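Asker: This is the structure I have questions about; it appears just below.
What follows is calculated from the coordinates using simple rules that are stated; it is not laboratory data. No experiment lies behind these values; they were computed from the predicted model shown. Positions of Cβ are generated from backbone atoms using ideal geometry, with glycine treated the same way; all protein chains shown enter the neighbour counts.
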Amino acid sequence: MARSRELEMRSSAVTLSDMEVFIFPRLMYSLLLANLMSPRIWRWRDDPWFDKIERAKPYRRINRLKQYIMDHYVFNLDLDTWGLTTKDRELERFRDFIDADTLAQSNALFGYEGDKYYFSIDIRTHFGLDKYEGDVIPYWKTETVEAMDAFKFRPSYGNGAGECVSLAALYAAALFVVARIPLEDIYLMATPLHSQNFVDVGEGILTNNRRLLTKAMWFNGTALSAQARRALENERVTIVAHETGHIHAVYDEATIDPAAYAHFSERLRGFLRTSIDEEILVNFLRHHRDTQSCFQVRWPIHGTDHYITAEHAFAYEHGSPYRLSDSTRAKLLDDIDEEEYMSAPLPGRMVLNDFETFIRDSQLDCSKPEHIRRLKDELGQGCERAGTAIDALVAFCRVEPRLPDPETKRFVTEGEPLGLLPSMNRDQLIARLEELRPGHPVVDLAFYSYRDLNRSDTWPFLLAALERNPVSLEGAREMSDAEVIGFVSDMPSQSIYDEEGRLAQPDEVWNYGRGDGVEKAILIANILRDRRPDAQLELVVEAERARLMLDGDVLEFVSSKGLQPQTWPLGQWIASST
């Protein structure tokens, strides 16, 4: 018999893999709420870095937060961090919830290649998936803030770390807790290969891994902006999550408030569009290097006009504080040696200065076909590639996000409004979530993502622990049972989760080399059960200790987790769970 959707979803809230979030879109916001409950982010308020932050304007607050995240976290996409699984295994697990063809259209691990851009760069090679042959795929798991912080215990990591979904959820929680941005202004977006947030402040702000992008930065043409543009330019958005609910590209049912989604869609589209002016033109050329060959720059030297290819002029921006696109152009061009210039115009190239004048005088609207034709005609006088160049310019200035279509969705209300306010303290926020939990599925799932076994059912956590933690199995492959027990017992008895009741998964204990006694016992159980699936395996936990019993042998560990006394017949339950 297949397991119930509720059990599978609650267990997925614990592991939060890429595919689990795609199949159960409620999980994206459940992770955010788990981070909101965490004491870690609330302690950031006490850091001197954020002293008097509440007095600053919203953008200054957000920018202050960005620098803190930049200083304390790095982006991590080591696909081996959380181990390997197989396509067949995952398809079998979720066969009652989604079909293989749908997964292949929207998930990078199951065949998704994206659009032309991704085919051109070979997406599997780009993300390192090409090293996994045949049916094998990596787990892409999302980390809570505690698991992100614990990366500092791993070799070669001096700070915290996380992948894109982790960083998006971290940002969203910190925007609320530290920068005091209301949840109604924060929208989480997931594409098949990336996750980021849209923050409805000013003209809008995108979070992109550790960085932020304003609208001006989106259009500045730099390499960092080009990287940040990649997902929305080339992928469809599969999930948008908000305090009012979510909408999913595949599922017919949407729980997000329709008015909130319409507002978000309009604001995001406005963020991704700009008019064409002289600065945008030069930013585009910086971004789209292939088009630089259509242009040359005119500059007077000793009163006489000279010319330099656009690509040569842009090359001088590297390592210089000056830019071709703003008021520092004169200083940039003055810094170029005179012998680099030509005394006569170069054939087959439009003079950039003249094209800028045409754009300034024409007041063009790139949404109007007749204006685009005028651009092509003007550039065509100097460059035979004018048509392609202008099409690329229009695409640069007007990105159309491929959002889930609300016209194809059936909107339903999911629970009472969250009612979480930036003025609340942590205790008030948790009390509000506990009040909502009985009638709000996302809030209920948040407590499973929060990993507090005194506040949630035990079995979803244990199911995840004993079925989806392959790193510890592989790491212990060459050890005897006695060596495993000794190795784990000698780890520092320190959980990555500060509070009572909250437990790390076995691979977190293994990767970070530390754990409370209960966590150590579950880690050993994961390894021994894999070796002896038919063995009688039982774990007895109490407030201050845990006893793991295997075929009559007893291992005892000291615990400070304060768990309610209970007995977990691990092998028997996992084998029969439905």
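Asker: Set the Förster radius R0 to 22 Å, insert the Cβ-Cβ distance between A535 and R477 as r into 1/(1 + (r/R0)^6), and round the FRET efficiency to 0.05.
Answerer: Details: r = 18 Å, r/R0 = 0.82.
About 0.75, to the nearest 0.05.
Asker: Can I ask one more? For region 177-223, what class follows from the C-alpha gyration tensor (a ≥ b ≥ c being the square roots of its eigenvalues): rounded when a/c is under 1.5, otherwise prolate if a/b is larger than b/c, else oblate? Intermediate values should be presented prior to the final figure.
Answerer: Details: a/c = 1.99, a/b = 1.26, b/c = 1.58.
Oblate, since a/c reaches 1.5 and b/c is not below a/b.
Asker: Evaluate the charge dipole of region 451-576 about its Cα centre and quote only its size in Debye, nearest 20, assuming +1 on the Cβ of each Lys and Arg and -1 on the Cβ of each Asp and Glu. Don't skip to the answer; put the middle values down first.
Answerer: Working: 13 positive and 23 negative charges, 34 e Å.
Computed about the Cα centre, the dipole is about 160 debye.
Asker: Go through P48, T458, T567 and say which Cα lies farthest out towards the positive end of the charge dipole of the chain; charges sit on Cβ, +1 for Lys and Arg, -1 for Asp and Glu.
Answerer: P48
Asker: Positive end of the charge dipole of the chain (Lys, Arg +1 and Asp, Glu -1 on Cβ, about the Cα centre): tell me which of L346, S495, L528 has its Cα farthest that way.
Answerer: L346
Asker: Contact order normalised by length for the chain, with contacts defined as Cα pairs under 8 Å and 6 or more residues apart; what percent is it?
Answerer: About 16 percent, as a whole number.
Asker: Now a separate question. If you place +1 on the Cβ of every Lys and Arg, -1 on the Cβ of every Asp and Glu, and leave all else neutral, what size is the dipole of region 278-397 about its Cα centre, to the nearest 20 Debye?
Answerer: 380
Asker: If r is the Cβ-Cβ distance from R60 to R426 and R0 is 22 Å, what FRET efficiency results, to the nearest 0.05?
Answerer: The value I calculate is 0.40.
Asker: Can you give the charge dipole size of the chain about its Cα centre, rounded to the nearest 20 debye, using +1 on the beta carbon of Lys and Arg and -1 on the beta carbon of Asp and Glu? Mind dumping the intermediate values first?
Answerer: On the way: 67 positive and 93 negative charges, 208 e Å.
I would put it at about 1000 debye.
Asker: A 22 angstrom limit on the alpha carbon distance is what I want to check against. Which of K66/K152; K215/K376; K66/K215; K152/K520; K57/K215; K520/K561 exceed it?
Answerer: Exceeds cut-off: K215/K376.
Asker: State, to one decimal in nm, how far the label point of R3 lies from the label point of K368, with both points 7 Å from Cα in the Cβ direction.
Answerer: The answer from the label model is 5.9 nm.
Asker: Positive end of the charge dipole of the chain (Lys, Arg +1 and Asp, Glu -1 on Cβ, about the Cα centre): tell me which of V541, G158, G419 has its Cα farthest that way.
Answerer: G419
Asker: Starting from 0.36 nm per residue, how many nanometres of slack lie between M70 and S156 once their C-alpha separation is accounted for? Intermediate values should be presented prior to the final figure.
Answerer: Working: separation 86, 0.36 × 86 = 30.96 nm, distance 1.71 nm.
Stretched fully, the M70-S156 segment lengthens by 29.2 nm.
Asker: Which percent, nearest 5, of DSSP beta bridges in region 278-397 are antiparallel?
Answerer: Of those bridges, close to 80 percent are antiparallel.
Asker: Beta carbons within 10 angstrom, averaged per residue: use that to sort the peptides 496-508, 269-281, 413-425, highest first.
Answerer: Output ranking for 496-508, 269-281, 413-425: 496-508, 269-281, 413-425.
Asker: Can you tell me which of 22-30, 437-445, 137-145 comes out highest on packing, and rank the rest after it, using the mean Cβ neighbours within 10 Å? Before the final figure, lay out each step's value.
Answerer: Details: 22-30: 25.7, 437-445: 18.9, 137-145: 24.1.
Ranking, from highest mean packing down: 22-30, 137-145, 437-445.
Asker: Pulled fully out, how much extra length does the chain show between L77 and R547, if you take 0.36 nm times their separation in residues and subtract their Cα-Cα distance?
Answerer: Numbers: separation 470, 0.36 × 470 = 169.20 nm, distance 3.61 nm.
So the chain would gain 165.6 nm between L77 and R547.
Asker: A further question follows. Arrange the following residues from fewest to most other Cβ atoms within 10 Å of their Cβ: H242, H248.
Answerer: Neighbour counts put them in this order, fewest first: H242, H248.
Asker: Given points 7 Å out from each Cα along the Cα-Cβ axis, report the F97 to E266 separation in nanometres with one decimal.
Answerer: About 3.5 nm separates the two model spin labels.
Asker: I'd like the antiparallel share, as a percent to the nearest 5, of DSSP beta bridges with both residues in the chain.
Answerer: 85
Asker: Tell me whether region 451-576 comes out rounded, prolate or oblate; compute the Cα gyration tensor, take square roots of the eigenvalues as a ≥ b ≥ c, and use a/c under 1.5 as the rounded threshold. Spell out each step's value before the answer.
Answerer: Working: a/c = 1.39, a/b = 1.15, b/c = 1.22.
Rounded is the answer for region 451-576, as its axis ratio a/c remains below 1.5.
Asker: Tally Lys and Arg at +1 and Asp and Glu at -1 over the other residues with C-beta under 11 Å from the C-beta of Y322: what net charge comes out?
Answerer: Spelling it out: positives minus negatives among the neighbours equals -1.
Asker: Here is a follow-up. Leaving out same-chain residues fewer than 8 places away, which lysines sit with a Cα under 16 Å from that of K141?
Answerer: K87
Asker: Calculate one ³J(HN,Hα) per residue across region 397-410 by plugging θ = phi - 60° into the Karplus curve 6.51 cos²θ - 1.76 cosθ + 1.60, and present them in order as whole Hz with x for glycine and proline.
Answerer: 7, 9, 7, 9, x, 8, 8, x, 7, x, 5, 9, 10, 9
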